Amino acid sequence: MDRADDAVPIAELLEERRHLLDVAYWMLGSRGEAEGVVEETYRRWYGLSDAERARIAVPRAWLARVAGSICLTRLRLPDRRSSRAAEEHTGEVGAERYRMLEQETSEVLLRALNSLSPAERAAFVLNDVFGMAPGTVADIVGRPEPECAELADRARRSLRARRSRSTTPLQHDVVACAVQQACTAEDTERLAALLALDATAFFDGGGKVRALVKPVHGNQQVARSMLTLMARCPRTTLHTHSVNGRTGLVIRYDRQVAAVISLDIAGDQVVQVWVILNPDKLRSWNPPGPPAAPGE
């Protein structure tokens with residue numbers, strides 16, 4: 001007999017399903033496949049015995065792992081592209097949700113994701129888009145954590161190469177400096193004008209800070225998210241600095257580097273923004289200093 005204290009609030013149930021749809025859509029880029037993955041995920045949940053379900057401490061995390069594993073299996077299917085086209089004719093089930101999802105992504109970005117290997121796409125989406133813990137990503141991808149980190153890094157490099165056109169160091173510097181000036185002036189419109197219409201910003205908090213979980217898409221939205229992150233504070237500074245061999249941005253709070261921002265630039269506009277907030281990845285930017293003097 002089901003127990004009354006096992007009931008789950010409807011809002012939590014709906015949010016859980018939306019989360020699973022998000023995971024499946026980002027990994028597969030298909031409405032029909034996303035719905036199918038979520039249905040299969042819940043079939044597996046209800047296929048467990050009561051005792052097995054009772055041992056799962058965080059059902060949402062278990063469901064996300066299962067959904068991710070199903071997606072990875074589908075990505076590896078040799079005939080996936082043809083079957084995907086057929087599955088797109090699934091009617092209007094969840095149509096409003098998918099319209100929201102499509103506003104958060106872009107056809108350009110989804111096409112770029114399609115160029116990645118299944119393992120690269122899974123590692124990148126689960127790590128960069130959903131901020132899942134390294135152990136969870138490793139479980140889903142079926143590779144050791146260091147290898148998954150390398151897969152995600154390789155995916156980032158591939159996405160950058162596809163979305164940016166060759167710019168000279170001087171062109172890159174000019175745009176990066178203009179972005180820094182617009183951010184310092186808190187000029188949303190100027191900053192948005194420096195961003196491509198389909199610009200995307202990724203925020204890597206590594207689960208260690210409360211960063212945005214999903215990427216932000218669109219020049220206006222990216223501009224607002226950047227300015228919110230850099231909101232003026234007497235102890236916060238923003239400067240240009242070499243990042244990955246090209247001019248980027250460094251945010252300091254007091255004397256500590258709090259964020260490092262890479263800019264992928266095509267022509268005279270930024271197409272991708274990569275914001276590193278993960279304290280582990282900022283350690284090299286914050287080497288241990290000399291002990292503070294007494295009274296400091």
- [ ] Could you calculate the contour length gain from GLN256 to ARG190, that is, 0.36 nm times the residue separation minus the distance between their Cα atoms, to one decimal place in nm?
- [x] 21.0 nm
Task: All Cα pairs of region 106-163, percent lying beyond 19 Å - done: 21
- [ ] Return the long-range amide H neighbours of GLY248 (sequence gap of 5 or more, or a different chain), with a cut-off of under 5 Å between placed amide H atoms.
- [x] HIS241, SER242, VAL243
Task: Spin-label pair ASP50/ARG160, simplified geometry with 7 Å Cα→Cβ offset, distance in nm - done: 5.4
Open item on the list: Give me the one-decimal nm value for the distance between modelled label points at ARG235 and GLU39, 7 Å along each residue's Cα-to-Cβ direction.
Closed with: 5.4
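Grab the eigenvalues of the alpha-carbon gyration tensor for region 165-285, scale each by 5, take roots, and send me the semi-axes largest first in whole angstrom.
Gyration-tensor ellipsoid for region 165-285: 20, 16, 15 Å.
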Open item on the list: How would LEU28, LEU212, LEU249 line up from fewest to most surrounding beta-carbon atoms within 10 angstrom?
Closed with: LEU212, LEU249, LEU28
- [ ] Enumerate the residues in region 185-220 having an amide nitrogen under 11 Å from the point lying 7 Å beyond the Cα of ASN244 toward its Cβ.
- [x] 202
TODO: Going by C-beta contacts inside 10 Å, put PHE124, PHE130 in order with the fewest on the left.
DONE: PHE130, PHE124
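Read-outs throughout are calculated quantities, based only on the coordinates presented, and are distinct from any laboratory measurement. Since the structure is predicted, the reported quantities are computational estimates derived from the model, not experimental observations. In this analysis, Cβ positions are derived from the backbone assuming ideal geometry, glycine residues included, and neighbour counts consider all displayed protein chains.
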